[in-house]
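Participant: Below is one structure. I have some questions about it.
The values are calculated or read from the model by the stated rules, or taken from the named source; none is laboratory data. Please read all numbers here as calculations on a predicted model, not as lab measurements. Backbone-built Cβ (ideal geometry, glycine too); neighbour counts: all protein chains shown. We work out accessible area using only protein heavy atoms, side chains counted, and drop any ligands, DNA or RNA first. Shrake-Rupley method; radii C 1.70, N 1.55, O 1.52, S 1.80 Å.
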Amino acid sequence: MKPILKIENISKYYTKHGTKDRLHVLDQLSFEINEGEIVTLLGSSGCGKSTILNIIAGFEKIEGGAVYLKGEKIQQPSSSIGVVFQNPTLFEWMTVYENIQFGLKYKKIDKKTERESIYEYINLLELKGFENFYPSQLSGGMQQRVAIARVLILSPQILLMDEPFAALDSFRRAKMQLLLQHLAIQLKCTILFITHDLEEAIFLSDQIYILKDLPTQIIQKVNISFERPRRYEDLCGDLEFMNIKSEIFQQLRHE
Ligand SMILES: Nc1ncnc2c1ncn2[C@@H]1O[C@H](COP(=O)(O)OP(=O)(O)O)[C@@H](O)[C@H]1O
Ligand SMILES: [Mg+2]
């Protein structure tokens, strides 16, 4: 397994609003992500997960350390790094088709190839029939699928997802987890996933990094080796699944 992303000794402080106090969020944090794996950062709210993701995406500056994608230092946002947030940030005045098309403007491809590519992602994300709808006419889950399509069509080397399903009800959430697993297998994506949901983390991940509170540190790396495609029906009654869940729960409870 080759690491595609290396996070090396990153440190980060925030200045507390209106004061000179500094909040020490990250203290020389290091970890790696292997190509083709789904890796999850699991930790409670406020433990620094989004900060880590925003640094990797090139949105946040750091006080020390570095992040490397395929050996190249990340200094700013780039289309090699796709980002999906909890709230799908779609262009409300554009249709589903136009939203997915948006990032392709900067790529020099002919109209026919562009159209084929857009339809490929419309189909993959199960949006067929909705291409002329506007975001306000779609459910939250569908909006999130458009946001994912819009990013994946640019073939990023890594996809960063910050609690992407947290706003969905449990039924839609389970469907999205299955769809994401399908995409990851089909497109051989490398994904850094953030959640505070334990079952979601175990279901989706190849590796889970369990984080402790500020300044954030990794307290454990858990390897999840269930075969893919995984199904909740199989895992829920599985003894190993229950053991992993209980072990991680104990860890998080002591934090
Ligand atoms: N822009 C900011 N300015 C000051 N403090 C921030 C800022 N962003 C996040 N924080 C603080 O940093 C800590 C980590 O936040 P965050 O990375 O959003 O955690 P998580 O995503 O795990 O909930 C929290 O205490 C939060 O209040
Ligand atoms: Mg967050």
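Participant: Only bridges with both residues in the chain count here: give the DSSP antiparallel percent, nearest 5. The partial results should precede the final answer.
Facilitator: Values: 22 of 40 bridges.
Roughly 55 percent of the beta bridges in the chain run antiparallel, per DSSP.
Participant: Right, next: Can you pick out the pairs among K61/K112; K111/K188; K61/K108 whose Cα atoms lie more than 29 Å from each other? Spell out each step's value before the answer.
Facilitator: Numbers: K61/K112 40 Å; K111/K188 26 Å; K61/K108 31 Å.
Going by Cα-Cα distance, K61/K112; K61/K108 fall outside the 29 Å limit.
Participant: To the nearest 0.05, how large is the calculated FRET efficiency for S80 and Q220 if R₀ is 25 Å and r is the Cβ-Cβ distance? List each step's numbers first, then the result.
Facilitator: Values: r = 29 Å, r/R0 = 1.17.
For R0 = 25 Å, the calculated efficiency reads 0.30.
Participant: Inverting the mean 1/r over all pairs of different Cα atoms, compute the Kirkwood radius of the range 119-189 and quote it in Å. List each step's numbers first, then the result.
Facilitator: Values: mean 1/r = 0.0792 Å⁻¹.
So the Kirkwood estimate lands at 12.6 Å.
Participant: Check which residues have an amide H placed less than 5 Å from V25's amide H, if you skip close sequence neighbours.
Facilitator: It is K12, Y13, Y14, by chain and number.
Participant: Here is a further query. Tell me, Kirkwood radius of the range 12-141 from alpha-carbon pair distances, in Å?
Facilitator: On the way: mean 1/r = 0.0556 Å⁻¹.
For the range 12-141, inverting the mean 1/r across all distinct Cα pairs yields 18.0 Å.
Participant: How high is the FRET efficiency between E131 and Y14 when r is their beta carbon distance and R₀ equals 45 Å, given to the nearest 0.05? Walk me through the numbers on the way to the answer.
Facilitator: Details: r = 41 Å, r/R0 = 0.91.
So, using R0 = 45 Å, E works out to roughly 0.65.
Participant: Please find the FRET efficiency linking Y106 to R231, where r is the Cβ-Cβ separation and R0 is fixed at 41 Å, and quote it to the nearest 0.05. Provide the component values of the computation, followed by the final result.
Facilitator: Numbers: r = 39 Å, r/R0 = 0.94.
Here the calculated transfer efficiency is 0.60.
Participant: Can you give me the % of accessible surface on the range 1-44 that is carbon or sulfur? Probe 1.4 Å, all protein chains present, nothing else counted.
Facilitator: Values: 1050 of 2380 Å².
Result for the range 1-44: 44 percent of the exposed heavy-atom area is carbon or sulfur.
Participant: Please give the length that would be gained between N87 and E63 if that part of the chain were fully extended, namely 0.36 nm times their separation in residues minus their C-alpha to C-alpha distance (nm, one decimal).
Facilitator: Working: separation 24, 0.36 × 24 = 8.64 nm, distance 2.81 nm.
Contour length minus Cα-Cα distance gives 5.8 nm.
Participant: Along the range 58-69, what does the Karplus equation 6.51 cos²θ - 1.76 cosθ + 1.60 (θ = phi - 60°) give for ³J(HN,Hα), rounded to whole Hz, x for Gly and Pro?
Facilitator: For the range 58-69, the Karplus-derived couplings read x, 8, 10, 7, 10, 8, x, x, 7, 10, 10, 10 Hz, x marking Gly and Pro.
Participant: Separate question: Let me spell out the model: positive unit charges on the Cβ of Lys and Arg, negative unit charges on the Cβ of Asp and Glu, origin at the Cα centre of the chain. What dipole size does that give, in debye rounded to 20?
Facilitator: Values: 30 positive and 32 negative charges, 146 e Å.
Once rounded to the nearest 20, the dipole reads 700 debye.
Participant: Next question. If you take the Cα Rg of the range 89-155 and divide it by 2.2 N^0.38 Å, with N the number of residues, what do you get?
Facilitator: Values: Rg = 10.8 Å, N = 67, 2.2 N^0.38 = 10.9 Å.
Rounded to two decimals, the normalised Rg is 1.00.
Participant: Over the alpha-carbon set of the range 97-253, work out the extent along each principal axis and list the three values in angstrom, largest first.
Facilitator: Answer, in whole Å and largest first: 53, 34, 29 Å.
Participant: Hey, can you find the accessible area per residue of the range 89-155 for me, probe 1.4 Å, expressed in square angstrom? Display every interim value, and only then the final one.
Facilitator: Numbers: 3610 Å² over 67 residues.
Ligands and nucleic acids excluded, the result is 54 Å² per residue.
Participant: Could I ask something else about it? When the helices in the chain are scored as -39500 (n - 2.57) per DSSP H run of 4 or longer and the sum is shared across all residues, what 222 nm value do you end up with, to the nearest 500 deg cm²/dmol? Kindly include the intermediate steps, with their values, before the conclusion.
Facilitator: Details: 8 runs with 86 residues, N = 255.
Calculated at 222 nm, the ellipticity per residue is -10000 deg cm²/dmol.
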